[in-house]
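Data first, discussion second: the structure below is written as structure tokens.
The values are calculated or read from the model by the stated rules, or taken from the named source; none is laboratory data. Here the structure is a predicted model, which means the values were calculated and not measured. Neighbour counts run over all protein chains shown; Cβ positions are idealised from the backbone, glycine included. Each accessible area value is taken on the protein alone, full model and side chains, heavy atoms only, with ligands, DNA and RNA left out. Shrake-Rupley method; radii C 1.70, N 1.55, O 1.52, S 1.80 Å.
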Amino acid sequence: MPDPEEIDGDVYVAPRYLAGSTAIADPALEPLMGLGWELTHDDLGNAYLTAPDHKVRLGLLPEGDDDGLWRINAYQDRFGPPVWGVSFNDSCPTEFVTAFTTALAHAYQHGPEHYLAQPDPADPELDAFNAVVPLINRGWKIQHSRWGVLELQTPDGMAGLEYTTGRLDAEKELTTLQARWYMWGGPKSGYARWYATASTNTPIPLVKAITESVSDPAPLPRWKDHMMRGLREHAQLTPVTPPPPVPTPLDVRRTAPRRAPALTTRSVPRWSTTTTPSAALPARRSGPRR
């Protein structure tokens, strides 16, 4: 069991899709930086990671034009349009981004046929279903069907996924929420709601890495006071360090200090100015009786 002092948080949050962001980007950047991707910054404070072959780029954009904090694009031609794009907004739990970048690092190590692998053109919907399976296996429910959209939600209605079929506008997929894959979580109103998108041609193993992480039943550590109120109100919070158990009456009796019995009033000697009856009687002789 992890040492509570090593856990970055004072509560565990369940379900994890209500944990919110940690606001710490390093864990999500490390899988790619470990492969030697180049890190650069602009004057605004945005950060960029570029693969050695310049065919995959990641942008961490706290000063971007919208709330899309993370944007990852892949290219067949480094000077051409993106083949696929994935985004996460600034409220998304960082662990979901880390799950994606970890899978991307693995795919990148195995070459373009993995990180640029497109869904099966013969039956892309069947291929995409592999990314939906983790959600179904963990209790997510298929919603009332809408034409051209496969939608699933959690039983509590606090997270969902939408997969859109048919032809989509490639530019809108990369710049709006009208993407092939759209995932969300949190209250319907307020800044606590998060989303993630993945465009057409995003390799299914990379999408599955997100759905696996989102639906993982393991809770996530957070600092309670740093969580948005909307999340605290709906999530289950468990202290990282459990409070000491409440002692039972028997425990109280066992641990109570032993005290000497109290003296009664009869055994307490008292000073008196009166003469006791025994003191007024003459002393008896100690000799033998006749």
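Points worth noting:
- Residue check: Leu44 meets all listed conditions (1) in a helix (DSSP H, G or I); (2) open to solvent by 70 Å² or more (accessible area, probe 1.4 Å) but one, namely (1).
- Total residues in region 177-199, condition among the β-branched types (Val, Ile, Thr) and modelled with pLDDT under 95: 0
- Of all residues in region 23-39 being outside any helix (DSSP H, G or I) and closer than 19 Å to Gly68 by Cβ, the one that is least open to solvent (accessible area, probe 1.4 Å): Ala25
- Test: residue in region 63-74 that is open to solvent by less than 10 Å² (accessible area, probe 1.4 Å), in contact with a strand residue (DSSP E or B) (Cβ under 6 Å, 6 or more places away or on another chain) and at pLDDT below 95: yes
- All of Asp77, Asp127 fail the test of being modelled with pLDDT under 95, within 27 Å of Trp184 (Cα to Cα) and more than 23 Å from the chain's Cα centre (by Cα), apart from Asp127.
- Scanning region 74-104 for residues that are out of contact with any helix residue (DSSP H, G or I) (no Cβ under 7 Å at 6 or more places or on another chain), polar (S, T, N, Q) and not in a loop (DSSP other than H, G, I, E, B) yields a total of 1.
- Index of the failed condition, Arg167 passing every other in (1) out of contact with any strand residue (DSSP E or B) (no Cβ under 7 Å at 6 or more places or on another chain); (2) among the basic types (Lys, Arg); (3) within 30 Å of Trp37 (Cα to Cα): (3)
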